[in-house]
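For reference, the structure is listed below as structure tokens.
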């Protein structure tokens, strides 16, 4: 277990800044294991950037890297995101 | 307000520090007045941003410990000796100072009185903060949802919100404490880390399907969530909030 791991909740502000909606309740489907989980339930690891991993199989779902002016978001492991309108 | 609405881009706002109160030797309660604050839900957090003179910035997310109450919000900050942000908040900040924050954020680790219960809340150290928002909201809304709180602290003096929890218990709220390092003389409560046996004694039976909220350091949350699933609680009813490794 990585003791620095946190939940998707911890990056709620960053996600909301990007998507302009509350994203921790959005459901993401993992491309690897097929699990559909709330983004708030993902496992978040912070290093040079942020990696959000599937709570079931650890697949990297979303990556985010920021500097002061820009944000790069990658979706290496999310097939679909279900968002409430 | 609800998590369903389109909220627009989050903006950093300037908040005034209204009150700073030592809660335990390592935790302070900080109350902010946030002009234009549109309210929040119990369990949501705020991001706080500090900017150094050379432009270096550090951001941290803190759970809101207060129930919705106009434009005031309260957080509980534990001082981490090697922290970038918490020593500033606990040691340097003074009432009258201003600070940048944005929020409320989150919608997953949230409880509304309309969701009902029963509720099982498990806190490691200052992980009580978002659960306190739920307990305070429950009281303010005069909810009679059957609620059990299990608090793990190092010692009696380090129980965060101990006095207020004493006052609020009763009326369907029961509070159990475990003191993992030192105990006062005559202590008859638990003296070990939260484990499966303790949860079996304190928690509702799995067939009562309590809504479970667990908040604390990552190893604590891992251990509690795993034990609850072992006991037969459904994983989908267990919501967790891990705040990294800070030892409770």
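The values are calculated or read from the model by the stated rules, or taken from the named source; none is laboratory data. Keep in mind that this is a model prediction, so the values were computed, not measured. In this analysis, Cβ positions are derived from the backbone assuming ideal geometry, glycine residues included, and neighbour counts consider all displayed protein chains.
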> Would region A:40-54 turn up any residue that is within 8 Å of another protein chain (Cβ to nearest Cβ), under 17 Å from residue B:235 (Cα atoms) and outside any strand (DSSP E or B)?
Replying inline: yes
>> Which of the strands (runs of 3 or more DSSP E) found entirely inside region B:53-135 contain at least 2 residues meeting this: more than 12 Å from chain A (Cβ to nearest Cβ)?
In response: B:72-78, B:98-105, B:119-124
> Among A:80, A:63, which is under 10 Å from the mean Cα position of the chain (by Cα) and assigned to a strand (DSSP E or B)?
Replying inline: A:63
> Identify, please: which residue in region B:38-77 is crowded, with 24+ Cβ neighbours inside 10 Å and more than 20 Å from residue A:14 (Cβ to Cβ) and is, among those, nearest to the chain's Cα centre (by Cα)?
Replying inline: B:65
> Is at least one residue of region A:24-33 under 15 Å from residue A:75 (Cα atoms), under 12 Å from the mean Cα position of the chain (by Cα), modelled with pLDDT of 85 or more and within 11 Å of chain B (Cβ to nearest Cβ)?
Replying inline: yes
>> For region A:1-21, give me each residue that is without any contact (Cβ under 8 Å) to a residue 40 or more places away in the chain, part of a loop (DSSP other than H, G, I, E, B) and either in contact with a strand residue (DSSP E or B) (Cβ under 7 Å, 6 or more places away or on another chain) or closer than 21 Å to residue B:41 by Cβ (or both).
In response: A:20
>> Let me spell it out: the conditions are (1) within 14 Å of chain A (Cβ to nearest Cβ); (2) surrounded by fewer than 17 Cβ atoms within 10 Å (Cβ to Cβ), and residue B:25 meets all of them except one. Which number is the exception?
In response: (1)
> When you scan region A:62-85, how many residues do you find that are more than 30 Å from residue B:52 (Cα to Cα), surrounded by fewer than 14 Cβ atoms within 10 Å (Cβ to Cβ) and within 13 Å of chain B (Cβ to nearest Cβ)?
Replying inline: 2
